[in-house]
Amino acid sequence: MGRYQKSKPSKKVRAKTEKIREERRQRWQQQQQQAQEETIETLALGVEELVVKLEEKEKELEEVMDHEIELAEEVMVLDGKKEGLQVELLREKKWNEVQKDIAARERHQAYKLDNELRSMRISISNRDDHINAYRETIRSLREQVGERDRQIRELRRTQG
């Protein structure tokens with residue numbers, strides 16, 4: 001027995017089949033492109049949000065640094081006052097025994113200033129910790145922005 005051989009489809013049938021395949025391929029490509037565009041749009045929005053957060057953190061850091069400068073200036077003034085009081089205290093001790101009462105008050109003022117100075121230094125140390133935390137947050141946000149930018153570039157490359 002011989003084998004049955006199918007006849008070749010007509011040109012119209014082949015053209016119609018090819019047209020259907022092309023339409024399906026175009027729909028599939030449009031769906032893929034739309035999904036990529038949505039992903040890029042979502043990532044772009046995420047990057048914009050990160051940039052806004054980064055700007056906010058930078059403003060906060062700037063405010064903290066301004067405050068730290070003010071505190072540092074106050075510490076310098078207090079250091080100057082402390083040195084002045086210590087010099088004055090030495091002079092008072094050299095004068096005479098009657099001046100001991102005045103010297104005791106000077107020591108008390110110096111003690112108060114030392115406490116204020118210690119308190120200011122602790123405050124500056126705490127501010128430094130906050131600044132370092134802000135810097136770390138900003139670094140992290142910058143890394144996230146970079147990662148998002150890289151993802152967007154890759155998606156655009158694969159899309160193009």
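Which residues, taken from segment 103-112, are surrounded by 13 or more Cβ atoms within 10 Å (Cβ to Cβ) and either at pLDDT below 85 or in contact with a His (Cβ under 9 Å, 6 or more places away or on another chain) (or both)? It would help to see each step written out before you state the result.
Step one: list which residues in segment 103-112 are surrounded by 13 or more Cβ atoms within 10 Å (Cβ to Cβ), which gives 103, 106-107, 109-110.
Listed by number, the residues that qualify are Ala103, Glu106.
Are any residues in segment 7-28 farther than 27 Å from Arg156 by Cβ, basic (Lys, Arg) and either modelled with pLDDT of 90 or more or out of contact with any helix residue (DSSP H, G or I) (no Cβ under 9 Å at 6 or more places or on another chain) (or both), and if so, which ones? Give the steps one after another, and end with the answer.
So in segment 7-28, the residues farther than 27 Å from Arg156 by Cβ come out as 7-21.
Retained after the next criterion (residues that are basic (Lys, Arg)): 8, 11-12, 14, 16, 19, 21.
Across segment 7-28, the qualifying residues are Lys11, Lys12, Arg14, Lys16, Lys19, Arg21.
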Checking Glu18 against (1) acidic (Asp, Glu); (2) closer than 30 Å to Leu141 by Cβ; (3) free of Cβ contacts under 8 Å to residues at least 40 places away in the same chain, which single condition isn't satisfied?
(2)
I'd like the full set of residues that are among the basic types (Lys, Arg) and at pLDDT 90 or above, limited to segment 33-56.
none
Any chance Arg121 is within 30 Å of Arg139 (Cα to Cα), of a type outside the set (A, V, I, L, M) and surrounded by 10 or more Cβ atoms within 10 Å (Cβ to Cβ):
yes
Name the residue that is nearest to the chain's Cα centre (by Cα), counting only residues in segment 20-67 that are within 28 Å of Asp129 (Cα to Cα) and among the hydrophobic types (A, V, I, L, M, F, W, C).
Leu54
Selection within segment 29-61 - surrounded by 14 or more Cβ atoms within 10 Å (Cβ to Cβ) and either closer than 16 Å to Arg153 by Cα or of a type in the set (S, T, N, Q) (or both):
Gln36, Thr39, Ile40, Leu43, Gly46, Val47
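The values are calculated or read from the model by the stated rules, or taken from the named source; none is laboratory data. All figures in this text were calculated on a predicted structure; none of them were measured in a lab. Note that we place each Cβ from the backbone using ideal geometry, even for glycine, and neighbour counts take in every protein chain shown.
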